[in-house]
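Novice: The structure's right below; bear with me while I get my questions together.
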Amino acid sequence: MNVTMNMKPRRNLIIAFVLATALSGLALRTASAQEGDAPPRQHWSFSGPFGIYDEAQLQRGFKIYREVCSTCHSLKLLAFRNLADPGGPGFTVAQAAAIAATFQVTAGPNDQGQMYQRPGGIADYFPPPFPNDQAARAALGGKLPPDMSVLAKARGYEWGFPKFIFDAFTMYQEDGPDYIHAIITGYEKPPAGFSLPPGGQYDKYFPGHAIGMPQPLNDGQVEYTDGTPATVDQYGRDVAAFLMWAAEPTLDARKKLGFQVFLFLIVLTGLLYFTKKRVWHAVHHHT
């Protein structure tokens, strides 16, 4: 009787904890929904424990960045040599060097103690479009475009309870690319009564819906030579995949290593089990 009575407070405490967690998750989800619509989830080749990057998609995404995004956004943590790394866009070293040569990087000082511009080399990092943050703000009406090196990891969406629990079991980690794709495709005319700040654009997926970046892409703006549809939706998918690779360049190798470790642990478990059986078999028969 006493055991049953002692268990009731514990059960009530557990129920209260579960309800509090559910309500807090619901509040977080409601707050996120008020800031911006939930971005639709996309199907990515690199999602899941066995997913890998699509080389062709990464090359198309790099083309989008190079021709459109690089005019405002930096990629300062990525070197040109990374374009030829395994698991990346699949460029050769010669192709990566040729791409680097089309960029101008700041070098020096020279014999006169001055900095100068020269064509990029394969060991150089992607140069920023502006010499400093103040110059970027001055050129873009006071707005500072974020660096895109780890944008796919830094941006995301809070789904709240219980969605994040299911994501933990399914190992879904592509909220960043989903968010980038949604922002690119979310430009619309503002609804009646919505007040945009000066220079703002309406984006249904951006928190607060007022984004300072003008719509960067339109259908047919960037030409694809592999027959892929040149649409804003496809542009968004490709550049989001490329930015995911920029943020996680060793993703393929990491998943491969994880799979090998998993197999090793299975074999080790089996060996330990049969070793235990062998050892204790002798002990039991001895006694």
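The values are calculated or read from the model by the stated rules, or taken from the named source; none is laboratory data. Computed from a predicted structure; not experimentally measured. Cβ sites come from the backbone with ideal geometry, for glycine too, and all protein chains shown count toward neighbours. Just the protein is used for accessible areas: all its heavy atoms, side chains included, with ligands, DNA and RNA removed. Shrake-Rupley method; radii C 1.70, N 1.55, O 1.52, S 1.80 Å.
Novice: Tell me the per residue accessible area of the chain using a 1.4 Å probe; a whole number in Å² is fine. Before the final figure, lay out each step's value.
Specialist: On the way: 17710 Å² over 287 residues.
So the chain comes to 62 Å² accessible per residue, rounded to a whole number.
Novice: Right, another one. Let me make sure I get this right: for the stretch 107-219, a, b and c are the square roots of the gyration tensor eigenvalues over alpha carbons, sorted descending. Under 1.5 in a/c it's rounded, otherwise prolate if a/b > b/c, else oblate. Which is it? Don't skip to the end; give the middle numbers.
Specialist: Numbers: a/c = 3.08, a/b = 1.51, b/c = 2.03.
Taking the square roots of the gyration eigenvalues as a ≥ b ≥ c, the stretch 107-219 is oblate.
Novice: Using only Cα atoms, tell me the angle between helix 251-286 and the longest principal axis of the chain; keep it within 0 to 90° and round to the nearest 10.
Specialist: 20 degrees
Novice: Beyond 18 Å, what share of the Cα-Cα pairs of the stretch 67-155 is found? Please give it as a whole percent.
Specialist: Value for the stretch 67-155 (Cα pairs over 18 Å): 53 percent.
Novice: Using +1 at the Cβ of each Lys and Arg and -1 at the Cβ of each Asp and Glu in the chain, identify which of 88, 56, 170 lies farthest towards the dipole's positive end.
Specialist: About the Cα centre, the residue reaching furthest to the positive side is 170.
Novice: Against the longest alpha carbon principal axis of the chain, how many degrees, from 0 to 90 and to the nearest 10, is the axis of helix 175-185 turned?
Specialist: With rounding to tens, the tilt is 40 degrees.
Novice: Counting only GluC sites (Glu not before Pro) that sit in a DSSP loop (anything but H, G, I, E, B) with at most 16 other Cβ atoms within 10 Å, what is the longest stretch of the chain containing none of them?
Specialist: Working: sites that count: 158, 188, 223.
The segment 1-157 is the longest one with no such site.
Novice: Filter the cross-link list 163/204; 153/256; 163/256 down to pairs whose alpha-carbon distance in this structure exceeds 24 Å. Show your work: numbers first, answer last.
Specialist: On the way: 163/204 21 Å; 153/256 20 Å; 163/256 27 Å.
From the list (163/204; 153/256; 163/256), the Cα-Cα distance tops 24 Å for 163/256.
Novice: Something else now. Rounded if a/c is under 1.5, else prolate if a/b is larger than b/c, else oblate: which is the stretch 59-111, with a ≥ b ≥ c the root eigenvalues of its Cα gyration tensor? Intermediate values should be presented prior to the final figure.
Specialist: Values: a/c = 2.12, a/b = 1.32, b/c = 1.60.
The shape class here is oblate.
Novice: Need one number: nm distance between label points at residue 165 and residue 52, each 7 Å from Cα along Cα→Cβ, rounded to one decimal.
Specialist: Computed distance between label sites residue 165 and residue 52 equals 3.6 nm.
Novice: Normalise the Cα radius of gyration of the stretch 167-287 by 2.2 N^0.38 Å (N = residues in it) and let me know the number. Each step should come with its number before you reach the end.
Specialist: Values: Rg = 26.3 Å, N = 121, 2.2 N^0.38 = 13.6 Å.
Ratio of Cα Rg to 2.2 N^0.38 Å: 1.93.
Novice: How tilted is helix 232-247 with respect to the longest principal axis of the chain? Cα atoms for both, answer in degrees (0 to 90, nearest 10).
Specialist: That works out to roughly 70 degrees.
Novice: Could I ask something else about it? Once you sort the root eigenvalues of the Cα gyration tensor of the chain as a ≥ b ≥ c, which label holds: rounded (a/c under 1.5), prolate (a/b larger than b/c) or oblate (the other case)? Mind dumping the intermediate values first?
Specialist: Working: a/c = 2.44, a/b = 1.39, b/c = 1.76.
Cα axes put the chain in the oblate bin.
Novice: Under unit Cβ charges (Lys, Arg +1; Asp, Glu -1), what dipole magnitude, rounded to 20 debye, does the chain have relative to its Cα centre?
Specialist: Details: 25 positive and 24 negative charges, 303 e Å.
Using only the charged Cβ atoms, the result is roughly 1460 debye.
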